[in-house]
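The values are calculated or read from the model by the stated rules, or taken from the named source; none is laboratory data. Remember, it's a predicted structure, so these values are computed and weren't measured experimentally. Every residue, glycine among them, receives a Cβ derived from its backbone with ideal geometry; neighbour counts consider all protein chains shown. Each accessible area value is taken on the protein alone, full model and side chains, heavy atoms only, with ligands, DNA and RNA left out. Shrake-Rupley method; radii C 1.70, N 1.55, O 1.52, S 1.80 Å.
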Amino acid sequence: MPESSYSESPYEELEYLADYLPSNGESIVVSRRDGELVCEPVKKPRPLDPLEDPALYGRLVQINERLQQLWTMPIVLGLVGWFWLCVGLHVWQDAGLSGWFLDVGFGLMIAVGVSSWIQQRQRLYFRQAQQESLSRQLRQARIDHHTLIGALRHHPELRTLFSQLVRWN
């Protein structure tokens, strides 16, 4: 921009600058340095989405997948146990087909027990194997774990990890 002379009025300088204003909602700061008007773009700090960091997102996906794998053994053992409990009830106790409601009742009790077992395994795994290293990675990235919780809220593919982070003290 050419150096402004003192003979021009400030309004004439502003009219000149108006021709060079950015479009589409961009902003500039106009200041005077050594008698010259200087235009600089305004850089608005945008909120950083913690999941934009590929390394952190990859780590979160890995932890989530490992947490999800912890359901396999309890489900299989629960189903096998329920099957043999039903067989024992019907064969050895001679419950017959009229004892079907007992099968359903035992199935529901076993399902609640298996669900609690899965949650306990996930909680222990997260606390013992992942919490410290994830905490260190978040500190290095200067991300608060509450910010991470807020970001994960809108990612259903990471729901298992989200449930552990909510319980994180």
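For the chain, the share of accessible area belonging to carbon and sulfur comes to 59 percent (1.4 Å probe, ligands and nucleic acids excluded). Globularity index of the chain is 2.04 (Cα radius of gyration / 2.2 N^0.38 Å, N = number of residues).
Here r is the Cβ-Cβ distance between LEU21 and ILE149 and R0 is 30 Å; the resulting FRET efficiency, rounded to 0.05, is 0.15. Spin-label pair SER115-CYS39: with each label point 7 Å from Cα along the Cα-Cβ axis, the two points sit 6.3 nm from one another.
For the chain, the solvent-accessible area with a 1.4 angstrom probe is 71 square angstrom per residue. Label-to-label distance for LEU89 and ARG123 is 2.8 nm, based on points extended 7 Å past Cα in the beta-carbon direction.
When the helices in the chain are scored as -39500 (n - 2.57) per DSSP H run of 4 or longer and the sum is shared across all residues, what 222 nm value do you end up with, to the nearest 500 deg cm²/dmol?
-17500 deg cm²/dmol
Largest GNM mean-square fluctuation across GLY58, GLY99, GLY35, computed for the chain with C-alpha springs under 10 Å, falls on GLY35.
Sequentially through segment 146-155, phi angles give Karplus couplings (6.51, -1.76, 1.60; θ = phi - 60°) of 5, 5, 5, 4, x, 6, 6, 4, 9, 10 Hz, Gly and Pro residues having no value and appearing as x. Across the chain, the relative contact order, built from alpha-carbon pairs under 8 Å that are at least six residues apart, equals 22 percent.
Length gained on full extension, TYR57 to SER163, computed as 0.36 nm times the residue gap minus the Cα-Cα distance: 36.5 nm. Orientation-averaged projection of segment 79-143 equals 5.8 nm² [convex hull of Cα atoms, one quarter of hull surface area].
With Cβ to Cβ distances under 14 Å as the rule, what net charge do the other residues near SER133 carry (K, R +1; D, E -1)?
+4
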